[in-house]
Amino acid sequence: MVDNECTLCPRECKVNRDIVAGYCGCDNKIRVARAALHFWEEPCISGEKGSGTVFFSGCNLRCCYCQNYTLSHQRFGKEVSSERLGEIFLELQDKGANNINLVTPTHYVDKIIKVLDNIRKDLKIPVVYNCGGYEKINTIKMLKDYVDIFLHDIKYYDNERAFKYSSAPDYFKHSSEAVNEMIRITGNPIIKDGIMKKGVIIRHLVLPGGKEDSMSILNWINHNLKKDSYILSLMNQYTPYYKSIEHPEINRRLTTYEYEKVLNYAIELGLTNGYMQERSSAKKEYTPEFDLTGV
């Protein structure tokens, strides 16, 4: 952020968000749609006690098929003060959360850092940065002393697909650069008693008709990242949402053949440190109700 010009994400809107909203759809006021224990993240994140998940309104990526489109596109949520956000974090800790899980936080990074500074002496659990992967290295560097775990998407390898579905033709460049910085910050994953304390989880959602693109991502990971420096989460949960109807090729569920083709390629490359999802995970009931719970 320079002279109130927002450059937190690769969009680099350079707008003064005190006056006007950026591409993310948000001004400088923090908006939260839900804050509650969440049990459907990776097992090392949710565990049995749940992840203290805070869903922020708005998004710098805004994929056409987003399952949380009421937040990312429609900006559902409630305005909260920095003081209230700090209270929310501590309330989730008091409920036994394994961590504080910040979902789509990119456009609020500067404010989240100040909140974490204010509660540093009271917050004893890890902080998770759960993002769509469209990140700037400089913004990730800001999080060095604040975030313990990165849940980082790598959605696309192909620029045309990234542009078509997320209006981000430079997506892979930024996502791949960011994951290297995240690994540098956290070091190798640390898991104690089944719960992650530090490290990077690379998530990839396999899209209908996108198995070749998925395999290209896996190939890049294999050739560019040390196998013990991250955990891979290969996701099978794609469900047509929002404007996917405008793209017939993704307006359907993923087939078993498509997912298994990608999964088998990951195994062939030796990328076996992580998680795969069962087909039953592609259900709308796994998407939480955004009803201002905990806000």
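The values are calculated or read from the model by the stated rules, or taken from the named source; none is laboratory data. Small disclaimer: the values here were computed from a predicted structure and weren't measured. We place every Cβ from the backbone using ideal geometry, glycine too, and count neighbours over all the protein chains shown.
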Which members of region 194-224 meet the condition of being within 17 Å of the chain's Cα centre (by Cα) and either among the small types (Gly, Ala, Ser) or modelled with pLDDT under 95 (or both)? GLY199
When you go through (1) over 16 Å from the mean Cα position of the chain (by Cα); (2) part of a loop (DSSP other than H, G, I, E, B); (3) buried (at least 20 other Cβ atoms within 10 Å of the Cβ) one by one for GLU12, which number turns out not to apply? (3)
Among the candidates GLU42, GLU79, which residue alone is of a type in the set (Asp, Glu) and touching a Ser or Thr at 6+ places or on another chain (Cβ under 7 Å)? GLU42
Picking from VAL80, VAL109, VAL32, VAL20, the residue that is among the β-branched types (Val, Ile, Thr), free of Cβ contacts under 8 Å to residues at least 24 places away in the same chain and more than 21 Å from GLN237 (Cβ to Cβ) would be VAL20
Output yes when any residue across region 45-57 is within 15 Å of the chain's Cα centre (by Cα), at pLDDT 95 or above, under 27 Å from GLU91 (Cβ atoms) and assigned to a loop (DSSP other than H, G, I, E, B), and no when none is. yes
Check region 31-38 and report whether any residue there is part of a loop (DSSP other than H, G, I, E, B) and either at pLDDT 95 or above or farther than 21 Å from ARG203 by Cα (or both). no
Is there any pair linking a residue in region 90-102 that is on the phi > 0 side of the Ramachandran plot to one that is in a helix (DSSP H, G or I) and among the acidic types (Asp, Glu), with Cβ under 7 Å and at least six apart or on different chains, and which? none
Being out of contact with any Ser or Thr (no Cβ under 6 Å at 6 or more places or on another chain) and not in a helix (DSSP H, G or I): is that true of GLY86 here? no
So ILE113 fits all but one of (1) among the β-branched types (Val, Ile, Thr); (2) assigned to a helix (DSSP H, G or I); (3) surrounded by 17 or more Cβ atoms within 10 Å (Cβ to Cβ); what number is the exception? (3)
Checking TYR157 against (1) assigned to a loop (DSSP other than H, G, I, E, B); (2) surrounded by fewer than 18 Cβ atoms within 10 Å (Cβ to Cβ), only one condition comes out false. Which one? (2)
